[in-house]
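Asker: Pasting a structure below so you can have a look.
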Amino acid sequence: MLPSLLLIILEPELVTGLPDFTPEMGVVFALVLLALVLFVTEIIPVDVTAIVLMVLVVVLGPWTGVGPDEGLSGFSSQATITVLAMFILSEGIRRTGVLQVVGNRIIQVTGGKPKRQLAALVGLSGGTAGFINNTPVVAMMIPMAVNIANRTRVSPSRYLIPISFASMMGGMLTLIGTSTNLLASDVSERLLDRPFSMFEFTQLGLLVLVVGSIYLLLVGWALTPARIRPREDPMETFEMDDYLTELHVREGSSLAGLTVQAMVETLDVDLDVLRIRRDDARLEQPLGGRRIREGDILIARTDPSTVRKLLDLPDVALGGGGPVQRVDLGMKPDPSLGQDPDEPDEEEEDSADAPRQSLVELVVLSDTRVAGETLSSLSFAQAFDAWVLAIRRGRGVLHKRLDRIRLKGGDTLLVQAGPDAVRRLQADRNFIVSRVIEDSGFRRERIPVALGIVGAVVLAATTGILPIVTAALAGVVAMVATRCLQPNELYAAVDWNVIFLLAGVIPLGIALERSGGAEFLGQLLVAGSYGLPPVIVVGIFYLFTALITNVVSNNASVVLMIPVAVSAAAALDANPFAFVMAVTFAASTALLTPVGYQTNLMVYGPGGYRFSDFFRVGAPLQLILTVVTTLGIGVIWGV
């Protein structure tokens, strides 16, 4: 097929029946190419790219056929509003901590057997993702899976990729499982006057989930690597032994009397003071304004080169004692170095009353305001009263000049934080707290209420009592009225990048249809697959969409490919809805890379995976699902 398709593209005049290529098509194809380049390279954030495309589609209206009203229709689309409401409903479920309760039950029921645990986690992830957006499902399941793995001495890596893959497949159980389904329903209604019902594809979705789950339990278990050891001390995971140092402030030291911040500025070194031991007391963060006294022992994050620099100072000696190095700073007083040591220090907290500091593993989400920023530009320490000790990026661990490192999606931060800071981090939608020994403050007494609200939304939409958008918005009101969510938590619950992405790419799909470009591409693909049965062409569309979804947004691939698929079906005199189903299912199975789907990137850091791990586990499954989905579409809807 591929050689013939290339020949047709290069020499279209050799094929009869193709519509004439027009300047309007050229303009829209140029916009599609620009969209693909920007989505793949992420030179600018994907949501900004979507807005740029929306503006260009409207500005080039004489060629795209899209005016201002249609250009802005993405913001008023029922798909966009429904997705927004589902994010809030999912947050209401997350705040109750229901999955954490289920996680504890899993450990009891499975008896610590890894295969049973994997089956329970895959089943829970896949089944839940049919009714709660799969992105927050994975966000809730990461800490649960890590906790289960560590308590039963299994590598967390063995569980996290299967959880991500299961959530993708489970998202195809119902209309509300993913934002992609809602967007595809909107496009299908516009092109075919046939939106999806709540359980339109549940039969096929269940088949896909069962086949995929069997693969994950049998073949996937063998292919998924154990990258992280169970119950590993975070200090070992982040290779911190050589990066924690004890600084002993000896009698007569010039550091005495300085604030901690002034000491760091004076020494001009890469140093973060995490704790001060003073007599029998332990002083915790924040420490920047606290004055140092003679005899203090400062526990600091630094690196061997800084230790050597400190040793070059007068009267400094390296002490012994365990993996934490001890450096004695016995410099003579120097009035030019800081404040008067006799100034009164602020009132100190007794160590017994000081809030207990915890080590927290924090995953940076992609497509958020945090990605691309530094800890310094975010004022992370000031905003959260928490301090980053190290950053794990892929297989490497970063320790030096952490405040200057630009964060990337998938980075895992080792953070020291108190109880209040942990709760703020758990509420922040830019991060996932994947590991912490703290009570999370879930509203467990609201579990029945939150589950009842989501059940009522599904029931109302399924029975036709209310349109799904109305039912979802009513559910949002109920979440707030019953105090499952606080009003100030609504905006933080929404992934605004997805909302703007949806609103921005919808006009491009309209332009592809209006210009005749979709019909041209559809007939081009039909000509390239000349002589093949329609069911095989459906499989080709599935596989092609699945491949491009690994490099562009799944929502963008739906908008671009559904019009082309409908045109191809018309040229083949086949069932267009079957082609729509193929594209919809394929767009939610980006199994080959960690960057193809948000849930993959979310588990990338906590699992300590390599980029190639996703291809190794996902490629066979991608081929299996291509066959299963194509044949299932043929049996259920006909081609």
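The values are calculated or read from the model by the stated rules, or taken from the named source; none is laboratory data. All values reported here derive from a predicted model rather than from experimental measurement. Neighbour counts run over all protein chains shown; Cβ positions are idealised from the backbone, glycine included.
Asker: Quick one: is residue 574 within 25 Å of the chain's Cα centre (by Cα) and assigned to a loop (DSSP other than H, G, I, E, B)? If you could, list the steps in order and put the result at the bottom.
Answerer: On the way: within 25 Å of the chain's Cα centre (by Cα): no; assigned to a loop (DSSP other than H, G, I, E, B): yes.
No; evaluated as a whole, the condition is false for this residue.
Asker: Give just the number: which of (1) without any contact (Cβ under 8 Å) to a residue 40 or more places away in the chain; (2) crowded, with 24+ Cβ neighbours inside 10 Å does residue 623 not satisfy?
Answerer: (2)
Asker: Right, next: Restricting the first residue to region 564-579 and requiring it to be within 12 Å of residue 535 (Cα to Cα), which pairs with a second residue that is aromatic (Phe, Trp, Tyr) and surrounded by fewer than 22 Cβ atoms within 10 Å (Cβ to Cβ) meet a Cβ separation below 6 Å and a spacing of at least six or different chains?
Answerer: Cβ pairs passing all conditions: 578/637.
Asker: Sticking with this one: When you look at residue 66, is it of a type in the set (A, V, I, L, M), in contact (Cβ under 8 Å) with a residue 12 or more places away in the chain, outside any helix (DSSP H, G or I) and surrounded by 16 or more Cβ atoms within 10 Å (Cβ to Cβ), yes or no?
Answerer: Numbers: of a type in the set (A, V, I, L, M): yes; in contact (Cβ under 8 Å) with a residue 12 or more places away in the chain: yes; outside any helix (DSSP H, G or I): yes; surrounded by 16 or more Cβ atoms within 10 Å (Cβ to Cβ): yes.
Answer is yes for this residue.
Asker: If you don't mind, another one. Do we find that residue 132 is out of contact with any Lys or Arg (no Cβ under 6 Å at 6 or more places or on another chain), surrounded by fewer than 23 Cβ atoms within 10 Å (Cβ to Cβ) and at pLDDT below 80 in this structure?
Answerer: On the way: out of contact with any Lys or Arg (no Cβ under 6 Å at 6 or more places or on another chain): yes; surrounded by fewer than 23 Cβ atoms within 10 Å (Cβ to Cβ): no; at pLDDT below 80: yes.
No, not satisfied.
Asker: Just checking, how many residues over region 419-432 are outside any helix (DSSP H, G or I) and modelled with pLDDT of 80 or more?
Answerer: Restricting attention to region 419-432, the residues satisfying the condition of being outside any helix (DSSP H, G or I) are 428-432.
From what is left, the residues that are modelled with pLDDT of 80 or more are 428, 430-431.
Summing the residues that are outside any helix (DSSP H, G or I) and modelled with pLDDT of 80 or more in region 419-432 gives 3.
Asker: Starting from residues that are aliphatic (A, V, I, L, M) and assigned to a loop (DSSP other than H, G, I, E, B), keep the ones in region 396-418 and report whichever is surrounded by the most Cβ atoms within 10 Å (Cβ to Cβ). Let's see the steps before the verdict.
Answerer: Restricting attention to region 396-418, the residues satisfying the condition of being aliphatic (A, V, I, L, M) are 397-398, 402, 405, 407, 413-415, 417.
Narrowing further to those that are assigned to a loop (DSSP other than H, G, I, E, B): 405, 407.
Numbers: 405: 16, 407: 23.
Only one residue tops the list, namely 407.
Asker: Okay, moving on. Name the residues in region 441-488 that are of a type outside the set (A, V, I, L, M) and under 11 Å from residue 85 (Cβ atoms), would you?
Answerer: As a first pass, look at region 441-488 and keep what is of a type outside the set (A, V, I, L, M): 441-446, 448, 452, 455, 462-464, 467, 470, 475, 482-484, 486-488.
If the condition is that a residue be of a type outside the set (A, V, I, L, M) and under 11 Å from residue 85 (Cβ atoms), then 470, 475 are the ones that fit.
Asker: Can you name the condition, by its number, that residue 580 falls short on among (1) crowded, with 24+ Cβ neighbours inside 10 Å; (2) over 28 Å from residue 55 (Cα atoms)?
Answerer: (2)
Asker: Working only within region 252-288, note down all residues that are of a type in the set (Asp, Glu), modelled with pLDDT of 70 or more and surrounded by fewer than 17 Cβ atoms within 10 Å (Cβ to Cβ). Steps first, please.
Answerer: We begin by selecting, within region 252-288, every residue of a type in the set (Asp, Glu); these are 265, 268, 270, 272, 279-280, 284.
Keeping just the survivors that are modelled with pLDDT of 70 or more gives 265, 268, 270, 272.
265, 268, listed by residue number.
Asker: Still on this structure, I have one more. May I ask you to list the residues in region 376-395 that are part of a helix (DSSP H, G or I) and within 19 Å of residue 420 (Cα to Cα)?
Answerer: Hits for region 376-395 are 378, 380, 381, 382, 383, 384.
Asker: Also, quick follow-up: Is it fair to say residue 119 is of a type outside the set (S, T, N, Q), at pLDDT 90 or above and over 15 Å from residue 599 (Cα atoms)? Break it down into steps so the answer makes sense when it comes.
Answerer: On the way: of a type outside the set (S, T, N, Q): yes; at pLDDT 90 or above: yes; over 15 Å from residue 599 (Cα atoms): yes.
When the stated conditions are applied, residue 119 passes them.
Asker: If you don't mind, there's one more thing I want to ask. In this structure, is residue 519 among the acidic types (Asp, Glu) and closer than 24 Å to residue 76 by Cβ? Give the derivation first.
Answerer: Numbers: among the acidic types (Asp, Glu): yes; closer than 24 Å to residue 76 by Cβ: no.
Against the criterion (among the acidic types (Asp, Glu) and closer than 24 Å to residue 76 by Cβ), residue 519 does not qualify.
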